[in-house]
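Notes to accompany the following structure.
The values are calculated or read from the model by the stated rules, or taken from the named source; none is laboratory data. Not measured: the values here are computed from a predicted model. Methodologically, a virtual Cβ is constructed for each residue, glycine included, from the backbone with ideal geometry; neighbour enumeration extends over all protein chains shown. Keep in mind that these areas ignore ligands, DNA and RNA; they rest on the heavy atoms of the full protein, side chains included. Shrake-Rupley method; radii C 1.70, N 1.55, O 1.52, S 1.80 Å.
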Amino acid sequence: MKQYQQIFQNAVDALHEEKRYRVFADLQRQVGKFPKAIYRDGSDDREITIWCSNDYLGMGQHPDVIATMQKVAGSMGAGAGGTRNISGTNHPLVELEHELADLHAKEAALVFTSGFVSNEAGISTIARLLPDCLILSDALNHASMIEGVRRSGAQKQIFRHNDLAHLEELLAAADIDRAKLIVFESVYSMDGDIAPIEAIADLADKYNAMTYIDEVHAVGMYGERGAGICEREGLMGRIDVIEGTLAKAYGTLGGYITGSSALIDAVRSYAPNFIFTTALPPAIAAAATTSIRHLKKSGVERAAQQNQAATAKRVLAAAGLPVMPSDTHIVPVMVGDPVLCKAASDHLMKKHGIYIQPINYPTVPRGTERLRITPTPFHDDALIEHLSAALVETWKELGLPFEHGQDEEEDAVKPELFPAAGG
C-alpha cells in the first residue's frame, strides 16, 4: 500500500513544484457583518474583510432569504429525501424551476446541484442527443463547460476567445446541415469581459447552429430583472439554452439550464448526472426562489454593486496599480507570477486583514496570475480606500511593478519573503 500513497504524494508534490498548490482559507461568515468574516488559522482567530466573494450582492445574508430557508427547513426538513425520480422532487424545487423559466423567458428550466454539474450535464447530453454534433467552444470557457464538451464525445473545435472571424471560419467549413452547438459565456469571470452575443447569434442563424450560453457571472447582476447580459441586450430569445447558477448573485446553491420544453425534458430524461444524484433540498430551493423574486423587482443591489465596482476600479487605477481592463463587476489586478501572487495574497491577509485568493494556472494562463477583486454593495468607500492603501503597501513590499511606474524604487523581489514558495 505504501507505493500507492507515494503516487498520491508525488502528485501533490508536483503541484507544489509548479507553484499551483491551492490553500483554502478557513472562514466563518457572519450574518449582518458581510463582507467581514472570522479567519481561523490554528489558534489565530481574527476578523478580516473578504474581497473575492462570488456572493456578489450579499444575498446569501439577505434577511428574507435566510428567513425562508429557516422556515422551510423547519417545516420540510433538511434534506430532499432522494433523487428527483425517487421522492426528491419537492414542491419548492418545482416552484424554483417555474421561476427560472420565467426569469429567462423560456418554456422550461431544470435545476442541478451546482453550476458545474448543470454545464457538464447540459452540454454533454445535448451534444450526445444531436446526431454527429460539432461543438464550437470559446477558448476561455470555464472548466465545467470544457468537461461537458469532453464527456459528450462529440467532435469539438476551439475558437479564439470572442473572435467572430475565427468562429465563422469554423462554421463555414462545416456542412450546413450538420448539427452544431456553439458554447460560450456572457461574462468571463477572470478578465471581466463580455461576449459579442448578438453577433454570435447571427452566426448561429446563418450557419444553422444551436447556441448555449453560460450566464453564471451575470444572472442577478444585469438586466431589468437580473436575468443577465442576454436580458440587458434584449437577446434572450436569440439563445437556445441559457445556463446559470444560484450560488453567486443569488447567494444560495445550485445550477440550472433553461430552454424549450422539449430540450429540457430530453436533458431531464437522459442526463445521468441529473438522474442519479440527490435533489436540491427544499429549504435551499425555496431560499433561491426568494432571492430571485427579490432581484426581479429590486435594482437597488445591482446599482449599488456597479457603483462600488466602478469606484474600486477608479481608486485602484489612480494609485498606479495594474488594474486590468474590465467591462463588468470583476476587478482583476495583474501580478504575472504564481509565487508573487501567492505572496501578495498572504501578505494582504497577514498584515492588512484582507482576503483575496490568488488566481493561478490552470484557472488562468501561466504568466497572467492575478488577484481577482469583486466589490459588493457592502464594500463601502472607506473599505475601498483601505484596500487601495493595502495593495500599494503590498506592491512596494514585494517589489511588484506599478502600472505607471510610480513608487518602483525596489525592482528586485525579496527572496526572504518566500521560504515556502508555492505552498
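A residue that is of a type in the set (A, V, I, L, M), more than 26 Å from Arg151 (Cβ to Cβ) and open to solvent by less than 30 Å² (accessible area, probe 1.4 Å) cannot be found anywhere in the stretch 167-184. Annotation: Ile242 fulfils all but one of (1) open to solvent by 10 Å² or more (accessible area, probe 1.4 Å); (2) among the aliphatic types (A, V, I, L, M); (3) under 16 Å from Lys106 (Cα atoms); the unmet one is (1).
Comparison of Arg225, Arg232 shows that the only residue that is touching a Phe, Trp or Tyr at 6+ places or on another chain (Cβ under 6 Å) and either modelled with pLDDT under 95 or farther than 17 Å from Ser118 by Cα (or both) is Arg232. On the stretch given as the stretch 186-221, residues that are open to solvent by less than 10 Å² (accessible area, probe 1.4 Å) and either closer than 24 Å to His329 by Cβ or among the β-branched types (Val, Ile, Thr) (or both) total 17. Within the stretch 80-98, being within 26 Å of the chain's Cα centre (by Cα), among the hydrophobic types (A, V, I, L, M, F, W, C) and more than 10 Å from Pro281 (Cα to Cα) holds for Val94, Leu96.
Conditions tested, residue by residue: (1) exposed (fewer than 11 other Cβ atoms within 10 Å of the Cβ); (2) in contact with a His (Cβ under 8 Å, 6 or more places away or on another chain); (3) outside any helix (DSSP H, G or I); (4) among the hydroxyl-bearing types (Ser, Thr, Tyr).
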site	(1), (2), (3), (4)
Gln6	no, no, no, no
Leu15	no, no, no, no
Arg22	yes, no, yes, no
Arg40	no, no, yes, no
Asp45	no, no, yes, no
Cys52	no, no, yes, no
Asp55	no, no, yes, no
Val65	no, yes, no, no
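Scanning the stretch 78-92 for residues that are more than 19 Å from Ala271 (Cβ to Cβ) and not in a helix (DSSP H, G or I), we see that the one that is most open to solvent (accessible area, probe 1.4 Å) is Ala78.
Restricting attention to the stretch 177-224, the residues that are of a type in the set (D, E, K, R), assigned to a loop (DSSP other than H, G, I, E, B) and in contact (Cβ under 8 Å) with a residue 60 or more places away in the chain add up to 2. Considering every residue within the stretch 259-266, establish whether at least one is touching a Gly at 6+ places or on another chain (Cβ under 8 Å) and either under 17 Å from Thr113 (Cβ atoms) or of a type in the set (Gly, Ala, Ser) (or both). No; the residues of the stretch 259-266 include none that is touching a Gly at 6+ places or on another chain (Cβ under 8 Å) and either under 17 Å from Thr113 (Cβ atoms) or of a type in the set (Gly, Ala, Ser) (or both). Scanning the stretch 364-394 for residues being in contact with a helix residue (DSSP H, G or I) (Cβ under 8 Å, 6 or more places away or on another chain), open to solvent by less than 30 Å² (accessible area, probe 1.4 Å) and in a helix (DSSP H, G or I) gives a total of 6. Taken over the stretch 276-301, residues that are among the β-branched types (Val, Ile, Thr) and open to solvent by 40 Å² or more (accessible area, probe 1.4 Å) amount to 3. All conditions in (1) in contact with a strand residue (DSSP E or B) (Cβ under 6 Å, 6 or more places away or on another chain); (2) closer than 30 Å to Met69 by Cα; (3) not β-branched (Val, Ile, Thr) hold for Leu246, with the sole exception of (1).
Listed here are the residues, each with its yes/no results for (1) assigned to a helix (DSSP H, G or I); (2) within 12 Å of Met59 (Cα to Cα).
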site: Gly234; (1), (2): no, no
site: Ile242; (1), (2): no, no
site: Lys248; (1), (2): no, yes
site: Arg268; (1), (2): yes, no
site: Ala286; (1), (2): yes, no
site: Lys296; (1), (2): yes, no
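Which residues, counting only those in the stretch 298-347, are part of a strand (DSSP E or B) and under 21 Å from Thr376 (Cβ atoms)? Explain how you work it out, then say what you get.
The first filter runs over the stretch 298-347 and keeps only residues part of a strand (DSSP E or B), leaving 323, 331-334.
Once the filter is applied, which keeps residues that are part of a strand (DSSP E or B) and under 21 Å from Thr376 (Cβ atoms), the stretch 298-347 yields Val323, Val331, Pro332, Val333.
In the stretch 223-234, of all residues being touching a Gly at 6+ places or on another chain (Cβ under 8 Å) and open to solvent by 10 Å² or more (accessible area, probe 1.4 Å), the one that is farthest from Leu103 (Cα to Cα) corresponds to Arg232. The selection criterion, being surrounded by fewer than 20 Cβ atoms within 10 Å (Cβ to Cβ) and in contact with a Cys (Cβ under 8 Å, 6 or more places away or on another chain), does not hold for Tyr361. Restricting the first member to the stretch 308-330 and to residues that are more than 26 Å from Gly220 (Cβ to Cβ) and modelled with pLDDT of 95 or more, and the second to residues that are open to solvent by less than 40 Å² (accessible area, probe 1.4 Å) and not hydrophobic (A, V, I, L, M, F, W, C), the beta-carbon pairs closer than 7 Å and six or more apart or on different chains are Ala319/Ser388.
Scan the stretch 145-174 residue by residue and report those that are in contact (Cβ under 8 Å) with a residue 40 or more places away in the chain, in contact with a Phe, Trp or Tyr (Cβ under 8 Å, 6 or more places away or on another chain) and closer than 23 Å to Ala271 by Cα.
Of everything in the stretch 145-174, nothing turns out to be in contact (Cβ under 8 Å) with a residue 40 or more places away in the chain, in contact with a Phe, Trp or Tyr (Cβ under 8 Å, 6 or more places away or on another chain) and closer than 23 Å to Ala271 by Cα.
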